[in-house]
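K.L.:
My structure is below; once you've seen it, I'll send some questions.
The values are calculated or read from the model by the stated rules, or taken from the named source; none is laboratory data. What you see is a predicted model; the values in this text were computed from it and never measured. Cβ sites come from the backbone with ideal geometry, for glycine too, and all protein chains shown count toward neighbours. Ligands, DNA and RNA are stripped out before the accessible areas are found, and what is left, the full protein with its side chains, is counted by its heavy atoms. Shrake-Rupley method; radii C 1.70, N 1.55, O 1.52, S 1.80 Å.
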Amino acid sequence: MNTQSTIHLKTTPALKQRAEKLADSLGLSLSALINLSLQQVVQASELTISLHPQPNAKATELLLKLRAEAEASKNTSPVFSDLKTALKWLHTQNKE
């Protein structure tokens, strides 16, 4: 008698590849990783999803570049005390 059940899952090739890489780094098959995840959800009767996802490498690189520019006061505007002055500055920037 077969004690296993099959689940057909659709996902993107990129996500599958990342999951396989993670499973491999943990010494697991992708099937074992998915089974462990299902067991955890069932045992806890809850699904935990992180509200703080980590940015990918491209986003991290861009954020670091923007931080460096901000720290060097590059591509930033001056501080304005009122809206009229801010709008005047913006209009002069658009003409350049």
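K.L.:
Can you list the helices (runs of 4 or more DSSP H) found entirely within the chain that contain at least 1 residues being touching an Asp or Glu at 6+ places or on another chain (Cβ under 6 Å)? So that I can check it myself, show each step before the final result.
P.N.:
Numbers: elements: 13-25, 30-44, 57-71, 83-95.
Passing ranges, in order: 30-44.
K.L.:
Give Lys58, Lys10, Lys88 a once-over and let me know the one that is at pLDDT 95 or above and not acidic (Asp, Glu). Working first, answer last.
P.N.:
Details: Lys58 fails: at pLDDT 95 or above; Lys88 fails: at pLDDT 95 or above.
Lys10 is the lone residue from the list that is at pLDDT 95 or above and not acidic (Asp, Glu).
K.L.:
Restricting to segment 17-76, and then to whatever is closer than 30 Å to Thr6 by Cβ and either among the basic types (Lys, Arg) or touching a residue at least 40 places away in the same chain (Cβ under 8 Å) (or both), can you tell me which residue is least open to solvent (accessible area, probe 1.4 Å)?
P.N.:
Only one residue tops the list, namely Lys21.
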